[in-house]
Amino acid sequence: MKQRDMAEHGRRRWRLVLTASPLQGHMTPMLHLATFLHSKGFSIAIAHSELNRPDPSNHPGFTFIPLPDNLSATPSFANAVQFMQALNDNCRPHFLEHLVQIINEQKDSSDKESIVIIYDNLMYFAGSVASDLGLPSIILRTSSASTFPVFKIIPLLHQDGRFPVQESMLQEIVTELHPLRYKDLPFIGLPIEQTLETINIILPKTPPSAFIWNTLEFLEPSGLTQVRNHYQVPVFPIGPLHKIIPTPCSTSFLEEDMSCISWLDKQAPKSVVYVSLGSIAYMDEKVSTEMAWGIANSNQPFIWVVRPGSVKGFEWIEFLPEGLVTDMKVRGLIVKWAPQKDVLAHCAVGGFWSHCGWNSTLESLSEGVPMLCQPYDLDQKVNSRYLCYVWKMGVEIVVERGEIEGAIRRVLVSKQGEEMRQRAMEIQEKIKVAVSHGGSSQNSLKELIDFILSL
Ligand code: UDX
(Lines give C-alpha, C1' and ligand atoms only; values in the text may rest on other atoms or scores of the structure.)
Protein backbone atom coordinates (compact mmCIF):
# COMPACT_ATOMS: atom_id res chain seq x y z
CA MET A 1 0.00 0.00 0.00
CA LYS A 2 1.32 3.47 -0.92
CA GLN A 3 1.79 5.82 2.04
CA ARG A 4 -0.66 8.37 0.55
CA ASP A 5 -3.34 5.68 0.71
CA MET A 6 -2.20 4.65 4.15
CA ALA A 7 -3.20 8.00 5.59
CA GLU A 8 -6.77 7.24 4.48
CA HIS A 9 -6.96 3.48 4.67
CA GLY A 10 -9.85 1.49 6.06
CA ARG A 11 -12.23 4.47 5.76
CA ARG A 12 -10.33 6.18 8.55
CA ARG A 13 -8.59 9.49 7.94
CA TRP A 14 -6.06 11.34 10.03
CA ARG A 15 -6.01 15.04 10.75
CA LEU A 16 -2.70 16.18 12.20
CA VAL A 17 -2.81 19.42 14.17
CA LEU A 18 0.76 20.76 14.43
CA THR A 19 1.28 23.46 17.02
CA ALA A 20 4.26 25.63 16.13
CA SER A 21 6.28 27.94 18.34
CA PRO A 22 6.87 31.55 17.20
CA LEU A 23 10.67 31.20 17.33
CA GLN A 24 12.45 30.89 13.97
CA GLY A 25 14.58 27.93 15.06
CA HIS A 26 11.41 26.06 16.09
CA MET A 27 8.99 27.16 13.35
CA THR A 28 11.21 26.04 10.44
CA PRO A 29 11.56 22.36 11.45
CA MET A 30 7.84 22.19 12.32
CA LEU A 31 6.87 23.44 8.85
CA HIS A 32 9.30 21.03 7.25
CA LEU A 33 7.80 18.16 9.22
CA ALA A 34 4.31 19.31 8.18
CA THR A 35 5.37 19.39 4.52
CA PHE A 36 6.73 15.87 4.77
CA LEU A 37 3.60 14.50 6.46
CA HIS A 38 1.37 16.28 3.96
CA SER A 39 3.28 14.61 1.13
CA LYS A 40 2.29 11.29 2.72
CA GLY A 41 -1.40 12.14 2.48
CA PHE A 42 -2.15 13.43 5.97
CA SER A 43 -4.45 16.39 6.38
CA ILE A 44 -2.44 19.16 8.05
CA ALA A 45 -3.57 22.04 10.25
CA ILE A 46 -0.98 24.43 11.67
CA ALA A 47 -1.96 26.09 14.94
CA HIS A 48 0.23 29.15 15.50
CA SER A 49 0.48 32.31 17.55
CA GLU A 50 -0.19 35.62 15.81
CA LEU A 51 3.34 36.72 16.62
CA ASN A 52 5.67 35.51 13.84
CA ARG A 53 2.84 33.82 11.97
CA PRO A 54 3.77 31.54 9.04
CA ASP A 55 2.79 32.70 5.56
CA PRO A 56 -0.17 30.54 4.39
CA SER A 57 0.56 31.35 0.73
CA ASN A 58 3.76 29.28 1.03
CA HIS A 59 1.74 26.22 2.13
CA PRO A 60 -1.44 26.05 0.04
CA GLY A 61 -2.24 22.49 1.15
CA PHE A 62 -2.44 23.29 4.87
CA THR A 63 -5.16 24.90 6.94
CA PHE A 64 -4.07 27.45 9.55
CA ILE A 65 -5.45 28.05 13.02
CA PRO A 66 -4.32 31.48 14.29
CA LEU A 67 -4.29 31.67 18.08
CA PRO A 68 -4.63 35.13 19.69
CA ASP A 69 -1.55 35.62 21.89
CA ASN A 70 -1.48 39.27 22.98
CA LEU A 71 2.31 39.34 22.51
CA SER A 72 4.24 41.95 20.62
CA ALA A 73 7.85 40.77 20.43
CA THR A 74 10.08 37.72 20.61
CA PRO A 75 11.63 37.59 24.10
CA SER A 76 15.14 38.24 25.20
CA PHE A 77 16.61 35.37 27.18
CA ALA A 78 16.08 37.14 30.52
CA ASN A 79 12.29 37.27 30.16
CA ALA A 80 11.84 33.94 28.36
CA VAL A 81 9.90 32.30 31.20
CA GLN A 82 7.27 35.06 31.42
CA PHE A 83 7.02 35.05 27.63
CA MET A 84 6.44 31.29 27.50
CA GLN A 85 3.85 31.43 30.25
CA ALA A 86 1.93 34.27 28.58
CA LEU A 87 2.16 32.54 25.20
CA ASN A 88 0.78 29.28 26.59
CA ASP A 89 -1.92 30.91 28.75
CA ASN A 90 -3.12 33.11 25.88
CA CYS A 91 -3.10 30.49 23.12
CA ARG A 92 -4.80 27.73 25.10
CA PRO A 93 -8.47 28.87 25.15
CA HIS A 94 -8.82 29.32 21.39
CA PHE A 95 -6.98 26.06 20.68
CA LEU A 96 -9.30 24.15 23.02
CA GLU A 97 -12.38 25.81 21.53
CA HIS A 98 -11.24 24.97 18.00
CA LEU A 99 -10.64 21.29 18.78
CA VAL A 100 -13.94 20.93 20.64
CA GLN A 101 -15.69 22.37 17.58
CA ILE A 102 -14.00 19.84 15.26
CA ILE A 103 -14.87 16.97 17.60
CA ASN A 104 -18.52 18.09 17.82
CA GLU A 105 -18.80 18.45 14.04
CA GLN A 106 -17.50 14.92 13.66
CA LYS A 107 -20.10 13.52 16.05
CA ASP A 108 -22.85 14.44 13.57
CA SER A 109 -20.93 13.30 10.50
CA SER A 110 -20.34 9.89 8.96
CA ASP A 111 -16.91 11.16 7.88
CA LYS A 112 -14.71 10.24 10.85
CA GLU A 113 -11.19 11.52 11.33
CA SER A 114 -8.60 10.60 13.93
CA ILE A 115 -7.04 13.73 15.36
CA VAL A 116 -3.40 13.67 16.46
CA ILE A 117 -1.70 16.68 18.05
CA ILE A 118 1.98 17.24 17.24
CA TYR A 119 3.40 20.09 19.25
CA ASP A 120 6.62 21.95 19.90
CA ASN A 121 7.63 21.35 23.51
CA LEU A 122 7.56 25.11 24.19
CA MET A 123 3.83 25.08 23.28
CA TYR A 124 3.00 22.78 26.18
CA PHE A 125 -0.60 24.00 26.38
CA ALA A 126 -1.27 21.81 23.31
CA GLY A 127 -0.21 18.70 25.24
CA SER A 128 -2.46 19.58 28.14
CA VAL A 129 -5.45 20.27 25.82
CA ALA A 130 -4.82 16.95 24.04
CA SER A 131 -4.79 15.12 27.34
CA ASP A 132 -8.01 16.88 28.52
CA LEU A 133 -9.77 15.84 25.29
CA GLY A 134 -8.33 12.31 25.26
CA LEU A 135 -6.39 12.92 22.02
CA PRO A 136 -2.95 11.40 21.33
CA SER A 137 -0.07 13.85 21.26
CA ILE A 138 3.50 13.76 19.97
CA ILE A 139 6.24 16.26 20.86
CA LEU A 140 8.58 17.62 18.19
CA ARG A 141 11.98 18.53 19.69
CA THR A 142 14.05 20.97 17.65
CA SER A 143 17.17 21.12 19.80
CA SER A 144 19.88 18.53 20.36
CA ALA A 145 19.09 15.29 22.19
CA SER A 146 22.39 15.63 24.07
CA THR A 147 20.87 18.53 25.97
CA PHE A 148 18.18 16.30 27.52
CA PRO A 149 20.47 14.72 30.17
CA VAL A 150 21.82 18.18 30.93
CA PHE A 151 18.42 19.70 31.66
CA LYS A 152 17.46 16.60 33.61
CA ILE A 153 20.48 16.71 35.89
CA ILE A 154 20.55 20.42 36.76
CA PRO A 155 17.91 20.18 39.56
CA LEU A 156 19.95 17.29 41.04
CA LEU A 157 23.19 19.26 40.78
CA HIS A 158 21.38 22.08 42.56
CA GLN A 159 20.34 19.77 45.43
CA ASP A 160 23.94 18.56 45.55
CA GLY A 161 25.34 22.11 45.86
CA ARG A 162 27.02 21.94 42.41
CA PHE A 163 24.65 24.37 40.64
CA PRO A 164 24.77 27.39 40.40
CA VAL A 165 28.37 26.74 39.43
CA GLN A 166 31.30 28.12 41.43
CA GLU A 167 33.84 30.06 39.35
CA SER A 168 36.59 27.60 40.38
CA MET A 169 34.63 24.62 38.95
CA LEU A 170 33.95 26.00 35.47
CA GLN A 171 36.73 24.10 33.65
CA GLU A 172 36.05 20.79 35.40
CA ILE A 173 34.19 17.92 33.76
CA VAL A 174 30.71 17.16 35.13
CA THR A 175 31.26 13.48 35.99
CA GLU A 176 27.75 12.40 34.99
CA LEU A 177 27.87 14.31 31.68
CA HIS A 178 31.27 13.57 30.18
CA PRO A 179 32.65 15.32 28.07
CA LEU A 180 30.74 18.40 29.24
CA ARG A 181 32.43 20.83 31.62
CA TYR A 182 30.56 22.93 34.16
CA LYS A 183 31.08 25.92 31.86
CA ASP A 184 29.10 24.10 29.15
CA LEU A 185 25.97 23.94 31.31
CA PRO A 186 23.12 26.27 30.37
CA PHE A 187 21.67 29.01 32.58
CA ILE A 188 24.93 29.99 34.30
CA GLY A 189 24.28 33.44 35.75
CA LEU A 190 20.48 33.15 35.63
CA PRO A 191 18.70 33.23 39.03
CA ILE A 192 18.22 29.62 40.19
CA GLU A 193 14.41 29.95 40.51
CA GLN A 194 14.22 31.05 36.88
CA THR A 195 16.52 28.19 35.85
CA LEU A 196 14.38 25.57 37.56
CA GLU A 197 11.20 27.09 36.13
CA THR A 198 12.66 27.04 32.60
CA ILE A 199 13.65 23.39 32.96
CA ASN A 200 10.19 22.66 34.23
CA ILE A 201 8.80 24.13 31.02
CA ILE A 202 11.27 22.37 28.71
CA LEU A 203 10.91 18.87 30.20
CA PRO A 204 7.39 17.47 29.99
CA LYS A 205 6.20 15.86 33.21
CA THR A 206 3.58 13.68 31.53
CA PRO A 207 5.14 11.77 28.65
CA PRO A 208 3.51 12.28 25.27
CA SER A 209 2.64 9.26 23.07
CA ALA A 210 6.03 9.71 21.35
CA PHE A 211 8.82 12.16 20.52
CA ILE A 212 9.93 13.25 17.07
CA TRP A 213 13.51 14.56 17.27
CA ASN A 214 15.25 16.66 14.64
CA THR A 215 18.51 14.77 14.97
CA LEU A 216 20.21 11.60 13.72
CA GLU A 217 20.68 8.29 15.46
CA PHE A 218 24.44 8.10 14.70
CA LEU A 219 25.09 11.67 15.84
CA GLU A 220 23.55 11.55 19.32
CA PRO A 221 23.17 7.90 20.37
CA SER A 222 23.67 8.54 24.07
CA GLY A 223 21.24 11.49 24.33
CA LEU A 224 18.56 9.53 22.45
CA THR A 225 19.03 6.46 24.65
CA GLN A 226 18.60 8.58 27.74
CA VAL A 227 15.36 10.08 26.41
CA ARG A 228 14.04 6.59 25.59
CA ASN A 229 14.99 5.20 28.99
CA HIS A 230 13.47 8.14 30.83
CA TYR A 231 10.12 8.43 29.06
CA GLN A 232 9.64 4.84 27.87
CA VAL A 233 7.85 5.98 24.70
CA PRO A 234 8.97 5.76 21.05
CA VAL A 235 11.51 8.38 19.97
CA PHE A 236 11.87 9.02 16.23
CA PRO A 237 15.13 10.72 15.17
CA ILE A 238 14.17 11.93 11.70
CA GLY A 239 16.63 14.74 10.97
CA PRO A 240 17.92 16.83 9.54
CA LEU A 241 14.43 17.84 8.43
CA HIS A 242 15.65 20.41 5.91
CA LYS A 243 17.35 17.57 4.03
CA ILE A 244 14.28 15.32 4.18
CA ILE A 245 12.18 17.84 2.21
CA PRO A 246 13.87 18.15 -1.20
CA THR A 247 12.98 21.79 -1.91
CA PRO A 248 11.65 23.40 1.22
CA CYS A 249 10.08 26.81 0.61
CA SER A 250 11.29 29.74 2.67
CA THR A 251 10.10 29.76 6.28
CA SER A 252 12.05 32.89 7.26
CA PHE A 253 10.33 35.62 9.26
CA LEU A 254 12.82 38.15 7.81
CA GLU A 255 13.50 38.75 4.13
CA GLU A 256 16.52 36.82 2.88
CA ASP A 257 19.16 38.91 1.13
CA MET A 258 19.68 36.91 -2.06
CA SER A 259 22.64 39.06 -3.16
CA CYS A 260 24.69 36.73 -0.90
CA ILE A 261 24.53 33.98 -3.53
CA SER A 262 25.61 36.02 -6.56
CA TRP A 263 28.43 37.49 -4.43
CA LEU A 264 29.53 33.98 -3.33
CA ASP A 265 29.59 32.90 -6.98
CA LYS A 266 32.54 35.29 -7.46
CA GLN A 267 34.62 33.99 -4.53
CA ALA A 268 37.30 31.29 -4.49
CA PRO A 269 36.31 27.83 -3.20
CA LYS A 270 36.31 27.44 0.63
CA SER A 271 37.58 31.00 1.11
CA VAL A 272 34.60 32.69 2.80
CA VAL A 273 33.72 32.79 6.49
CA TYR A 274 29.96 33.03 7.07
CA VAL A 275 29.07 34.72 10.37
CA SER A 276 25.59 34.47 11.88
CA LEU A 277 24.39 34.19 15.44
CA GLY A 278 20.84 32.95 14.74
CA SER A 279 17.47 34.54 15.33
CA ILE A 280 17.37 35.34 19.04
CA ALA A 281 20.88 36.16 20.29
CA TYR A 282 21.49 39.79 21.29
CA MET A 283 24.95 41.36 21.55
CA ASP A 284 26.34 44.46 23.11
CA GLU A 285 28.27 47.08 21.20
CA LYS A 286 31.63 45.94 22.52
CA VAL A 287 31.19 42.32 21.38
CA SER A 288 29.99 43.40 17.93
CA THR A 289 32.85 45.85 17.55
CA GLU A 290 35.41 43.14 18.41
CA MET A 291 33.69 40.86 15.90
CA ALA A 292 33.96 43.53 13.19
CA TRP A 293 37.67 44.15 13.81
CA GLY A 294 38.43 40.43 13.99
CA ILE A 295 36.66 39.83 10.67
CA ALA A 296 38.35 42.83 9.05
CA ASN A 297 41.85 41.92 10.29
CA SER A 298 41.58 38.30 9.15
CA ASN A 299 41.67 39.50 5.54
CA GLN A 300 39.34 36.67 4.53
CA PRO A 301 36.21 37.23 2.43
CA PHE A 302 33.09 37.12 4.64
CA ILE A 303 29.34 37.38 4.93
CA TRP A 304 28.27 38.80 8.29
CA VAL A 305 24.60 38.69 9.27
CA VAL A 306 23.66 41.45 11.71
CA ARG A 307 19.94 41.13 12.47
CA PRO A 308 18.28 44.55 12.78
CA GLY A 309 18.02 45.41 16.48
CA SER A 310 20.32 42.57 17.58
CA VAL A 311 22.99 44.96 18.87
CA LYS A 312 21.58 46.49 22.03
CA GLY A 313 20.80 50.20 21.66
CA PHE A 314 21.19 50.30 17.85
CA GLU A 315 18.93 49.81 14.87
CA TRP A 316 21.63 48.10 12.84
CA ILE A 317 25.40 48.77 12.45
CA GLU A 318 25.52 52.52 13.19
CA PHE A 319 27.97 51.83 16.05
CA LEU A 320 30.75 50.80 13.64
CA PRO A 321 33.17 53.51 12.46
CA GLU A 322 32.31 54.46 8.88
CA GLY A 323 35.90 53.90 7.71
CA LEU A 324 35.86 50.35 9.07
CA VAL A 325 32.60 49.53 7.31
CA THR A 326 33.92 50.93 4.02
CA ASP A 327 37.11 48.86 4.39
CA MET A 328 35.14 45.74 5.29
CA LYS A 329 32.83 46.07 2.29
CA VAL A 330 35.81 45.69 -0.06
CA ARG A 331 36.15 42.10 1.08
CA GLY A 332 32.68 41.07 2.17
CA LEU A 333 28.98 41.60 2.78
CA ILE A 334 27.17 42.78 5.88
CA VAL A 335 23.52 41.75 5.55
CA LYS A 336 20.39 41.78 7.72
CA TRP A 337 19.35 38.17 7.04
CA ALA A 338 20.83 35.58 4.69
CA PRO A 339 19.47 32.52 2.88
CA GLN A 340 21.56 30.51 5.34
CA LYS A 341 21.03 26.98 4.04
CA ASP A 342 21.97 28.06 0.49
CA VAL A 343 24.95 30.01 1.79
CA LEU A 344 26.28 27.00 3.71
CA ALA A 345 25.73 24.77 0.69
CA HIS A 346 27.79 27.11 -1.54
CA CYS A 347 31.25 25.85 -2.46
CA ALA A 348 32.84 29.24 -1.64
CA VAL A 349 32.04 28.92 2.07
CA GLY A 350 34.92 27.50 4.11
CA GLY A 351 33.79 28.15 7.68
CA PHE A 352 30.72 29.04 9.73
CA TRP A 353 31.07 31.27 12.80
CA SER A 354 27.92 30.47 14.72
CA HIS A 355 26.18 30.63 18.10
CA CYS A 356 25.65 26.86 17.62
CA GLY A 357 21.85 26.84 17.68
CA TRP A 358 20.78 23.33 16.76
CA ASN A 359 19.41 24.24 13.31
CA SER A 360 22.60 26.07 12.41
CA THR A 361 24.63 23.13 13.70
CA LEU A 362 22.67 20.61 11.63
CA GLU A 363 22.82 22.85 8.57
CA SER A 364 26.61 23.13 8.84
CA LEU A 365 27.08 19.40 9.50
CA SER A 366 24.90 18.63 6.47
CA GLU A 367 27.18 20.66 4.20
CA GLY A 368 30.49 19.57 5.71
CA VAL A 369 31.40 23.10 6.84
CA PRO A 370 33.71 23.42 9.90
CA MET A 371 32.58 25.83 12.60
CA LEU A 372 33.80 28.62 14.83
CA CYS A 373 31.74 28.35 17.98
CA GLN A 374 30.42 31.29 20.00
CA PRO A 375 27.57 29.82 22.05
CA TYR A 376 25.29 31.97 24.20
CA ASP A 377 23.03 29.72 26.26
CA LEU A 378 20.41 26.95 26.26
CA ASP A 379 21.56 23.99 24.16
CA GLN A 380 24.18 26.07 22.35
CA LYS A 381 27.03 25.48 24.81
CA VAL A 382 26.37 21.73 24.75
CA ASN A 383 26.30 21.75 20.93
CA SER A 384 29.53 23.74 20.87
CA ARG A 385 31.28 21.23 23.12
CA TYR A 386 30.14 18.35 20.90
CA LEU A 387 31.30 20.21 17.78
CA CYS A 388 34.75 20.95 19.20
CA TYR A 389 35.47 17.90 21.36
CA VAL A 390 33.40 14.98 20.05
CA TRP A 391 32.86 15.63 16.35
CA LYS A 392 36.12 17.62 16.20
CA MET A 393 34.97 20.00 13.50
CA GLY A 394 34.76 23.22 15.49
CA VAL A 395 36.92 25.65 17.44
CA GLU A 396 35.81 27.77 20.37
CA ILE A 397 35.92 31.51 19.75
CA VAL A 398 37.12 34.00 22.34
CA VAL A 399 35.51 37.33 21.53
CA GLU A 400 38.59 39.53 21.23
CA ARG A 401 39.75 40.87 17.87
CA GLY A 402 43.19 39.19 17.85
CA GLU A 403 41.72 35.83 18.94
CA ILE A 404 38.98 36.09 16.32
CA GLU A 405 41.45 36.93 13.56
CA GLY A 406 43.54 33.88 14.54
CA ALA A 407 40.52 31.56 14.74
CA ILE A 408 39.20 32.59 11.30
CA ARG A 409 42.59 31.98 9.71
CA ARG A 410 42.98 28.69 11.59
CA VAL A 411 39.72 27.33 10.21
CA LEU A 412 40.05 28.71 6.69
CA VAL A 413 43.71 28.44 5.80
CA SER A 414 45.59 26.19 8.26
CA LYS A 415 46.25 22.43 8.35
CA GLN A 416 44.10 22.19 11.48
CA GLY A 417 41.24 23.74 9.50
CA GLU A 418 41.76 21.27 6.69
CA GLU A 419 41.53 18.36 9.17
CA MET A 420 38.36 19.81 10.65
CA ARG A 421 36.89 20.13 7.15
CA GLN A 422 37.77 16.50 6.50
CA ARG A 423 35.86 15.39 9.59
CA ALA A 424 32.95 17.68 8.75
CA MET A 425 32.78 16.08 5.32
CA GLU A 426 32.80 12.59 6.82
CA ILE A 427 29.80 13.57 8.93
CA GLN A 428 28.16 15.10 5.86
CA GLU A 429 28.53 11.74 4.06
CA LYS A 430 26.92 9.88 6.97
CA ILE A 431 24.03 12.35 6.95
CA LYS A 432 23.53 11.77 3.22
CA VAL A 433 23.27 8.04 3.91
CA ALA A 434 20.84 8.58 6.82
CA VAL A 435 18.42 10.65 4.74
CA SER A 436 18.51 8.46 1.65
CA HIS A 437 16.40 5.36 0.99
CA GLY A 438 17.02 2.77 3.72
CA GLY A 439 18.96 5.21 5.90
CA SER A 440 18.26 5.64 9.62
CA SER A 441 16.27 8.89 9.36
CA GLN A 442 14.19 7.57 6.46
CA ASN A 443 13.47 4.37 8.39
CA SER A 444 12.52 6.41 11.41
CA LEU A 445 10.08 8.44 9.29
CA LYS A 446 8.44 5.23 8.07
CA GLU A 447 8.14 4.03 11.67
CA LEU A 448 6.67 7.40 12.63
CA ILE A 449 3.97 7.09 9.97
CA ASP A 450 3.11 3.55 11.07
CA PHE A 451 2.96 4.82 14.63
CA ILE A 452 0.59 7.67 13.74
CA LEU A 453 -1.62 5.23 11.81
CA SER A 454 -1.75 2.99 14.87
CA LEU A 455 -3.11 5.76 17.12
C1 UDX B 1 16.81 28.70 18.92
C2 UDX B 1 17.92 28.39 19.93
O3 UDX B 1 18.78 29.47 20.08
C4 UDX B 1 18.66 27.18 19.55
O5 UDX B 1 19.69 26.96 20.48
C6 UDX B 1 17.72 26.03 19.53
O7 UDX B 1 18.42 24.87 19.22
C8 UDX B 1 16.62 26.31 18.52
O9 UDX B 1 16.00 27.54 18.81
P10 UDX B 1 18.14 30.15 16.99
O11 UDX B 1 18.91 30.86 18.01
O12 UDX B 1 17.39 30.97 16.08
O13 UDX B 1 17.19 29.01 17.61
O14 UDX B 1 19.24 29.27 16.19
P15 UDX B 1 19.13 28.09 15.18
O16 UDX B 1 18.59 26.88 15.83
O17 UDX B 1 20.45 27.96 14.59
O18 UDX B 1 18.07 28.55 14.08
C19 UDX B 1 18.26 29.66 13.27
C20 UDX B 1 17.59 29.42 11.94
O21 UDX B 1 17.53 30.65 11.25
C22 UDX B 1 18.36 28.44 11.06
O23 UDX B 1 17.49 27.54 10.43
C24 UDX B 1 19.04 29.34 10.02
O25 UDX B 1 19.19 28.75 8.76
C26 UDX B 1 18.07 30.50 9.96
N27 UDX B 1 18.80 31.72 9.55
C28 UDX B 1 19.65 32.35 10.42
C29 UDX B 1 18.61 32.22 8.28
O30 UDX B 1 17.86 31.64 7.49
N31 UDX B 1 19.26 33.35 7.93
C32 UDX B 1 20.09 34.02 8.75
O33 UDX B 1 20.62 35.05 8.34
C34 UDX B 1 20.30 33.50 10.05
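Key figures for this structure:
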{"quantity": "Answer residue from segment 118-157, given it is hydroxyl-bearing (S, T, Y) and within 22 Å of V100 (Cβ to Cβ) and is surrounded by the most Cβ atoms within 10 Å (Cβ to Cβ) among those", "calculated": "Y119"}
{"quantity": "Options I261, I303; residue that is surrounded by 22 or more Cβ atoms within 10 Å (Cβ to Cβ), modelled with pLDDT of 95 or more and among the β-branched types (V, I, T)", "calculated": "I303"}
{"quantity": "Selection count where residues are of a type in the set (V, I, T) and without any contact (Cβ under 8 Å) to a residue 40 or more places away in the chain, scope segment 207-234", "calculated": "2"}
{"quantity": "Residue, surrounded by the most Cβ atoms within 10 Å (Cβ to Cβ), within segment 332-347, restricted to residues that are more than 21 Å from R421 (Cβ to Cβ) and not hydrophobic (A, V, I, L, M, F, W, C)", "calculated": "P339"}
{"quantity": "Residue in segment 138-149 that is more than 23 Å from G357 (Cα to Cα) and among the polar types (S, T, N, Q) present", "calculated": "no"}
{"quantity": "Residue match in segment 390-400 (condition: part of a helix (DSSP H, G or I), under 30 Å from F211 (Cα atoms) and either touching a Phe, Trp or Tyr at 6+ places or on another chain (Cβ under 6 Å) or not polar (S, T, N, Q) (or both))", "calculated": "yes"}
{"quantity": "Test: residue in segment 126-146 that is part of a strand (DSSP E or B), at pLDDT below 95 and not charged (D, E, K, R)", "calculated": "no"}
{"quantity": "Checklist (1) surrounded by fewer than 15 Cβ atoms within 10 Å (Cβ to Cβ); (2) more than 29 Å from L51 (Cα to Cα) applied to E97, failing item", "calculated": "(2)"}
{"quantity": "Check on E290, in contact with a Phe, Trp or Tyr (Cβ under 9 Å, 6 or more places away or on another chain), of a type in the set (D, E), surrounded by fewer than 19 Cβ atoms within 10 Å (Cβ to Cβ) and closer than 19 Å to Q374 by Cα", "calculated": "no"}
{"quantity": "Criterion violated by K266 - all others in (1) surrounded by 21 or more Cβ atoms within 10 Å (Cβ to Cβ); (2) out of contact with any Leu (no Cβ under 8 Å at 6 or more places or on another chain); (3) within 16 Å of A345 (Cα to Cα) satisfied", "calculated": "(1)"}
{"quantity": "Single condition P375 does not satisfy, out of (1) under 12 Å from D184 (Cβ atoms); (2) in contact (Cβ under 8 Å) with a residue 24 or more places away in the chain", "calculated": "(2)"}
{"quantity": "Counted residues, segment 264-284 - those being away from the ligand (no atom under 14 Å from the Cβ), under 29 Å from M27 (Cα atoms) and assigned to a loop (DSSP other than H, G, I, E, B)", "calculated": "1"}
{"quantity": "Residue within segment 111-122 that is closer than 30 Å to L190 by Cβ, away from the ligand (no atom under 16 Å from the Cβ) and modelled with pLDDT of 95 or more present", "calculated": "yes"}
{"quantity": "Positions within segment 285-304 being more than 16 Å from the ligand (Cβ to nearest atom), under 14 Å from D327 (Cβ atoms) and of a type outside the set (S, T, Y), in sequence order", "calculated": "A292, W293, G294, A296, N297, N299, Q300, P301"}
{"quantity": "Qualifying residue in segment 421-428 (condition: under 19 Å from L224 (Cβ atoms) and touching a residue at least 12 places away in the same chain (Cβ under 8 Å))", "calculated": "yes"}
{"quantity": "In segment 307-331, residue nearest to Q24 (Cα to Cα) [restricted to those that are of a type in the set (K, R) and surrounded by 13 or more Cβ atoms within 10 Å (Cβ to Cβ)]", "calculated": "R307"}
{"quantity": "Residue list for segment 357-409, restricted to those being crowded, with 18+ Cβ neighbours inside 10 Å, of a type in the set (V, I, T) and more than 21 Å from S222 (Cα to Cα)", "calculated": "V369, V395, I397, I404, I408"}
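Conditions tested, residue by residue: (1) crowded, with 18+ Cβ neighbours inside 10 Å; (2) of a type in the set (S, T, Y); (3) under 24 Å from W391 (Cα atoms).
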{"residue": "L170", "(1), (2), (3)": "no, no, yes"}
{"residue": "F218", "(1), (2), (3)": "no, no, yes"}
{"residue": "G223", "(1), (2), (3)": "yes, no, yes"}
{"residue": "L254", "(1), (2), (3)": "no, no, no"}
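Per-residue answers, yes or no, for (1) within 16 Å of the ligand (Cβ to nearest atom); (2) of a type in the set (D, E); (3) out of contact with any strand residue (DSSP E or B) (no Cβ under 8 Å at 6 or more places or on another chain); (4) at pLDDT below 85:
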| position | (1), (2), (3), (4) |
| --- | --- |
| K2 | no, no, yes, yes |
| A7 | no, no, no, yes |
| R12 | no, no, no, yes |
| L71 | no, no, no, no |
| N79 | yes, no, yes, yes |
| L87 | yes, no, no, no |
| N90 | no, no, no, no |
| E105 | no, yes, yes, no |
| S109 | no, no, yes, yes |
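The values are calculated or read from the model by the stated rules, or taken from the named source; none is laboratory data. Because the structure is a prediction, the values reported are computed rather than measured. Glycine gets a Cβ as well: all are built from the backbone with ideal geometry, and neighbour counts include every protein chain shown.
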